[in-house]
Amino acid sequence: MPAALVREHVLRLVDAAAADPSGTVPIVQAGHPALRLRAVPFDGQVGDDELGALVALMRRTMHAAPGVGLAAPQIGLPLAVAVLADPGAAGTETGAVRQRPALPFRVLVNPRYEPVPDEGDAPQRVGFYEGCLSVVGYQAVVARLRRVHLTGHDLDGTALDEVLEGWPARIVQHETDHLGGTLYLDRAELRSLSATDEIGAHWASEPRPAEAARTLGFDLDA
């Protein structure tokens, strides 16, 4: 996408958010072309103030949904920018099993991730239920890498070079996948797919979805 079109799209989103009392913009759903495009890298297509305004509306939209991450393609903009924030589940069995500490708000620009082996072994994958703000009403188990090496930049242009594990690593993988045109369902164990109704809430409430795996017939960490 040419830089001029990126900037035009960003300004339309900023104007739309400013015109809405909530300060948010709509989240597009599965089937929208932007969710299947490879996002263009951010390369200064907009100025610092415009990028800051984009990130601010993405943050408001993510929190209002509510969710723990939002990539620019989810608001129809195929640009390699994502925002993350998770209150976590510290002090609970679920939080311990899922390795889910609080994740302070952060911005990823042009992020990439690579697997990190566990103590010299092969990279470990663990399966948990995931949902997506662009696939409303459903959830499925995804076996994600437990540890990843994250690179890219933050909002200020500072280079990222860090290892994440547990739930923060899962969120980074989910949102970075969006920037490559991949939905979580592309990686999911489809026999685990369930609606976010009473039964689905039961499956997702388990610290590890072992009962769901037995009952629905899927491999948890495949």
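The values are calculated or read from the model by the stated rules, or taken from the named source; none is laboratory data. Source: prediction; values computed, not measured. All Cβ positions, even for glycine, are placed from backbone atoms using ideal geometry, and neighbour counts span all protein chains on display. Accessible surface is based on the protein model in full, side chains and every heavy atom, while ligands, DNA and RNA are left aside. Shrake-Rupley method; radii C 1.70, N 1.55, O 1.52, S 1.80 Å.
Residues are listed down the side, and each one gets a yes or a no for (1) within 28 Å of GLY44 (Cβ to Cβ); (2) among the small types (Gly, Ala, Ser):
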site	(1), (2)
VAL141	no, no
GLU162	yes, no
ARG170	no, no
LEU183	no, no
SER194	no, yes
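Give the residues of the range 174-214 that are closer than 17 Å to GLY69 by Cβ and over 21 Å from the mean Cα position of the chain (by Cα), sorted by residue number.
Result: no residue meets the conditions.
Open to solvent by less than 30 Å² (accessible area, probe 1.4 Å) and of a type in the set (D, E, K, R): does that describe GLU189?
no
So THR158 ticks every box in (1) surrounded by 13 or more Cβ atoms within 10 Å (Cβ to Cβ); (2) among the polar types (S, T, N, Q); (3) modelled with pLDDT of 95 or more but one. Which box is left unticked?
Result: THR158 fails condition (1) only.
Considering only the range 94-114, state which residues are among the hydrophobic types (A, V, I, L, M, F, W, C), surrounded by 18 or more Cβ atoms within 10 Å (Cβ to Cβ) and over 14 Å from the mean Cα position of the chain (by Cα).
If the condition is that a residue be among the hydrophobic types (A, V, I, L, M, F, W, C), surrounded by 18 or more Cβ atoms within 10 Å (Cβ to Cβ) and over 14 Å from the mean Cα position of the chain (by Cα), then no residue fits.
Find the strands (runs of 3 or more DSSP E) located wholly in the range 144-222 whose residues include 3 or more that are within 21 Å of ALA90 (Cα to Cα), and list them.
The qualifying strands (runs of 3 or more DSSP E) are 159-165.
Filter the range 72-100 down to the residues that are part of a loop (DSSP other than H, G, I, E, B) and among the hydrophobic types (A, V, I, L, M, F, W, C), then identify the one that is modelled with the lowest pLDDT.
ALA90
Of the residues ARG144, ARG208, which is closer than 23 Å to ALA102 by Cα, open to solvent by less than 20 Å² (accessible area, probe 1.4 Å) and basic (Lys, Arg)?
Step by step, each of ARG144, ARG208 is checked, and only ARG144 is closer than 23 Å to ALA102 by Cα, open to solvent by less than 20 Å² (accessible area, probe 1.4 Å) and basic (Lys, Arg).
So which residues in the range 101-132 are on the phi > 0 side of the Ramachandran plot and part of a strand (DSSP E or B)?
Within the range 101-132, ASN110 is the sole residue that qualifies.
Checking HIS202 against (1) free of Cβ contacts under 8 Å to residues at least 40 places away in the same chain; (2) farther than 21 Å from CYS132 by Cβ: exactly one of these is not met. Which one?
For HIS202, the exception is condition (2).
For GLY91, only one of the following conditions fails: (1) farther than 20 Å from GLY181 by Cβ; (2) touching a residue at least 12 places away in the same chain (Cβ under 8 Å). What is its number?
Of (1) farther than 20 Å from GLY181 by Cβ; (2) touching a residue at least 12 places away in the same chain (Cβ under 8 Å), only one is false for GLY91: (2).
I'd like to check something: does the range 8-31 contain any residue that is surrounded by 15 or more Cβ atoms within 10 Å (Cβ to Cβ), in contact with a Phe, Trp or Tyr (Cβ under 7 Å, 6 or more places away or on another chain) and in a loop (DSSP other than H, G, I, E, B)?
No: the range 8-31 contains no residue that is surrounded by 15 or more Cβ atoms within 10 Å (Cβ to Cβ), in contact with a Phe, Trp or Tyr (Cβ under 7 Å, 6 or more places away or on another chain) and in a loop (DSSP other than H, G, I, E, B).
Tell me the residue from GLY91, GLY137, GLY127 that is open to solvent by less than 20 Å² (accessible area, probe 1.4 Å) and out of contact with any Pro (no Cβ under 6 Å at 6 or more places or on another chain), please.
GLY127
Inside the range 60-74, can you point out the residues that are open to solvent by 10 Å² or more (accessible area, probe 1.4 Å) and more than 17 Å from PRO111 (Cα to Cα)?
ARG60, HIS63, ALA64, ALA65, PRO66, GLY67
Here is a check on your reading of the model: is PRO117 open to solvent by 20 Å² or more (accessible area, probe 1.4 Å) and either under 19 Å from ALA188 (Cβ atoms) or at pLDDT below 95 (or both)?
Yes: the conditions hold for PRO117.
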